[in-house]
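Below: one structure, written as structure tokens.
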Amino acid sequence: MRHAIMYSVMDDKSLQILEFPRIKQHLAGMTSFSASRQLALDLHPSADCQHVARLLRQSAEARHFLDIDPDFTIGGAQDIRQPVRMASLGKILEPQDLLNIQDTLSAVSKIRRRLGKMANELPLLWGIATRLVEFDEVASSIAGCLAPGGEVLDSASSGLSSIRQRLRELRRHLLERLEAIMKTPRGLRIIQEPVITEREGRYVIPIKIEQRKEMKGIVHDVSNTGATIFVEPWVTVEMGNELRETVTQERREVERILRSLSAEVGSHEVEISRDITLVAELDLAMAKARYARKLRAVEPSLVSFPDREEPAVDEPADVLKLINARHPLLEEKAVPLSVEIGRDFLSLVITGPNTGGKTVALKTIGLLSLMTQCGIPIPAAAESQLPVFDNVFADIGDEQSIQQTLSTFSWHVGNIVRIVTQATNRSLVLLDELGTSTDPVEGSALAVSILRHFLSRRTMTVATTHFSEVKAFAQATAGMRNASFDFDPVTLTPTYHLTIGIPGGSNALAIAARLGLPRDIITGAKRLLPEGARELETLLLSLRNKEREISALHSQLERERDEAAQQNKGLETERQRLKAEMNDAIKQARDKIALETAELLRQIKDASSELRREKSKESLERTRKAVAAVQERMRGAALHIEQEEETDEGAPDGSSFAPGDLVLIREVGIKGRVLSVSTAKQEVEVQAGKIKLSLGLDKIDRVILPGGKTAGEALPAPVRMTVPPVSRELDLRGTRAEEVQPALDTYLDHASLANQREVRIIHGFGTGTVRQIVRETLAGHPLVKAFRPGKQGEGGDGATIVQL
């Protein structure tokens, strides 16, 4: 359910006094077509806070849109609602009306598509544009039938094309026949001039009046001089009749085409009219954005009144805060105004010299409030905020009426009566020169009573005055505050600067002197002033001077603070620059060291690999020689044992061996321990190192230790050695370059002892340094049979597969 929009009936007279219609005229001048122009002229302030907030957000989006696309317009859109309505009633539209409809429908489609591309950035504007209905087919139908100049195209229908082809042929034949008549000797003699013209839709030739009997035909016209008659020869009359009939057929076909196009447009009257209304809303939002750009205006913050008629006496009212606000109609001449009402006080009494800016201040406050409640950005700082008033009342200026015998005082009182009757605690009241144009004593008393009434109603009020009694009342009353526009005592001119908290003087004598009133008159007036008035003026002058000194000191402190902040900012920028340079230097040094380290490591690895290869070759050769010598000695020992056992009786049997016995494997000369004995199979299971063998009893011999004890009697039971499990992969990612080779050597040793036949070394991609060290180490390692880069699924070139 849509939120109901609350439009209060704003006081029309106050709108006129504040010159709000001029604001609407300026805004209307920023629109692009008549429908949006009328919307601007019909604007009326809303008292619905939610609706006003929505209008201001639309304006903010439009300003953002103009920043992105400054040349955006609604294109060729026009207010076509009237011709579309006539078409819906059955009227045949003129070609130009149809062309205007085509341009507008095309513009609607372009607008919708353009905003659709920015729907996320401009949700409110897109919310309007998304309701637009596109009629591309209708626009295409019109474009296919009408030329840009409004002529109906031959291609509009096959019938029209055929008729016009026939017309061209008939016209050509007729003209050829008339030319042939004029070129004959008789024709040359009787014609006035050799031209063919047209009269009443018939082709004729000019004949001399004295030769009219020489040409049989129909006279359609006579020249102004009477010397020429325009004759259609009898021989071409039938051709002319046929041409005329064909022209009639063409007109009827054109009418049929226009009727069809009009009917098609009229069938969509409701949707097209709604499209124009929506486009007008969009254009009005864009006009507000253009107006804001011209005034350097922004959308203020909004505050709403409590949802009850009578707030508590001690409840703070909503705050009106304007910062650097400028009168929108003065443009560059406007002096910024800053004022805040509603936080500590509800009524503000402004005093100061004539022509000092008091009336402009009242109109500025009133106009900016009205503009805000119409969704129009205001020329003020972005920190400004305004309440949403239910009405804005103003009594400013002087409108005497001689016919109604109304004096200035009567006119003002009539306004105040209306305001007192209608104003609420949600209204804004602006009163200029309250209580003037009558006896000062009675006028000041009336002014005080009026201000007290509005204060008791908690109505936000701003008033200007020259009465000292009113100043004293404002100074002594809670909820009220004095303010004054400053006056420069040196130049005797107003400064247009508003100071809150101090009442101001009227400075009438100083202004009169500046305007040229003789000095003796001014001096005499000063002597006639009461002593209290002179003392008050002196006190006020002293207060204003003190205020000026404090303001100057505050400004100086602000400047010094800004300068210090700027210096700190500069120092911080310089510190960051130096830090960045230092980091760059450190990074370059690290990179250089890393490159040099990598090169040194490569050279060390090359040398180490070479040494290892040489060492490995020597070790292998020594190992072979040692193994050969050991085997030779073992064979000698075995031969000696066999010679001794030849004297033993009978063959060995299983009972002669027991688990744990140390035996010698005859064929290879290697010792092993008996694990188990099978008497049935005449076999024993022997553990030799990590290898288990099943051997016949005749393949082994018991080892006799010194002292005649068998190995089984002298030694404890064999202990099965277990090798800890080793992973099939080694992850070297993140390992320092100098730690890669030792880690790899250790891992390969363990993997070899664990009988691993293939392992994976993970080194990652990175700079390639670890990969290079790994592969150079593998290339010369004695335990490595072969290696290759990983395949897909094995880590690719970030891993190396090693066969041991």
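Quick notes on this structure:
- Annotation: Gln211 fulfils all but one of (1) among the polar types (S, T, N, Q); (2) buried (at least 19 other Cβ atoms within 10 Å of the Cβ); (3) closer than 30 Å to Thr184 by Cα; the unmet one is (2).
- The residue pairs whose first member lies in the stretch 134-148 and is within 10 Å of Leu261 (Cβ to Cβ), whose second member is in a helix (DSSP H, G or I) and of a type in the set (D, E, K, R), and whose beta carbons are closer than 6 Å, counting only pairs six or more residues apart or on different chains, are Val138/Glu264.
- Selection count, the stretch 145-161, where residues are among the hydroxyl-bearing types (Ser, Thr, Tyr), surrounded by 15 or more Cβ atoms within 10 Å (Cβ to Cβ) and part of a helix (DSSP H, G or I): 0
- Tabulated pairs, the stretch 380-399, first within 18 Å of Val360 (Cα to Cα), second open to solvent by 10 Å² or more (accessible area, probe 1.4 Å) and among the aromatic types (Phe, Trp, Tyr), C-beta under 8 angstrom, 6+ apart or interchain: Asp398/Trp411; Glu399/Trp411
- Single residue of Gly505, Gly479 found to be at pLDDT 70 or above, surrounded by 14 or more Cβ atoms within 10 Å (Cβ to Cβ) and farther than 12 Å from Ile350 by Cβ: Gly479
- Filter pass, Val204 being modelled with pLDDT of 90 or more, open to solvent by 20 Å² or more (accessible area, probe 1.4 Å) and aliphatic (A, V, I, L, M): no
- Breaking point among (1) crowded, with 19+ Cβ neighbours inside 10 Å; (2) part of a helix (DSSP H, G or I); (3) not acidic (Asp, Glu), for Val237: (1)
- Output for the stretch 747-783, where each listed residue is open to solvent by 70 Å² or more (accessible area, probe 1.4 Å) and either in contact with a helix residue (DSSP H, G or I) (Cβ under 6 Å, 6 or more places away or on another chain) or β-branched (Val, Ile, Thr) (or both): Phe765, Thr767, Pro782
- Among the residues of the stretch 100-140, those identified as surrounded by fewer than 19 Cβ atoms within 10 Å (Cβ to Cβ), part of a helix (DSSP H, G or I) and polar (S, T, N, Q) are Ser109, Ser140.
- Only one of Ser444, Ser449, Ser437, Ser456 that is within 24 Å of Ser410 (Cβ to Cβ) and without any contact (Cβ under 8 Å) to a residue 12 or more places away in the chain: Ser449
- Residues of the stretch 168-183 classified as within 20 Å of Glu250 (Cα to Cα) and open to solvent by 10 Å² or more (accessible area, probe 1.4 Å), total: 7
- For the stretch 408-445, taking the residues that are part of a loop (DSSP other than H, G, I, E, B), more than 27 Å from Ser304 (Cα to Cα) and modelled with pLDDT of 85 or more, the one that is least open to solvent (accessible area, probe 1.4 Å) is identified as Leu434.
- Residue in the stretch 551-566 that is surrounded by the fewest Cβ atoms within 10 Å (Cβ to Cβ), counting only those that are within 18 Å of Ile502 (Cβ to Cβ) and of a type in the set (S, T, N, Q): Ser555
- Residue match in the stretch 257-275 (condition: more than 30 Å from Thr130 (Cβ to Cβ) and open to solvent by 60 Å² or more (accessible area, probe 1.4 Å)): yes
- Residue selected from the stretch 680-692 under the condition at pLDDT 80 or above and open to solvent by 40 Å² or more (accessible area, probe 1.4 Å), by the criterion farthest from the chain's Cα centre (by Cα): Gln682
- Selection from the stretch 83-119 of residues that are small (Gly, Ala, Ser) and within 39 Å of the chain's Cα centre (by Cα): Ser106, Ala107, Ser109, Gly116, Ala119
- Only one of the listed residues (Val265, Val270) is within 60 Å of the chain's Cα centre (by Cα), in contact (Cβ under 8 Å) with a residue 60 or more places away in the chain and under 30 Å from Leu153 (Cβ atoms). That residue is Val265.
The values are calculated or read from the model by the stated rules, or taken from the named source; none is laboratory data. None of the values given here were measured: they were computed from a predicted structure. Neighbour counts are summed over all protein chains in view; Cβ atoms, including those assigned to glycine, are modelled from backbone coordinates with ideal geometry. Remember, those area values only see protein heavy atoms, side chains included, never the ligands or the DNA or RNA. Shrake-Rupley method; radii C 1.70, N 1.55, O 1.52, S 1.80 Å.
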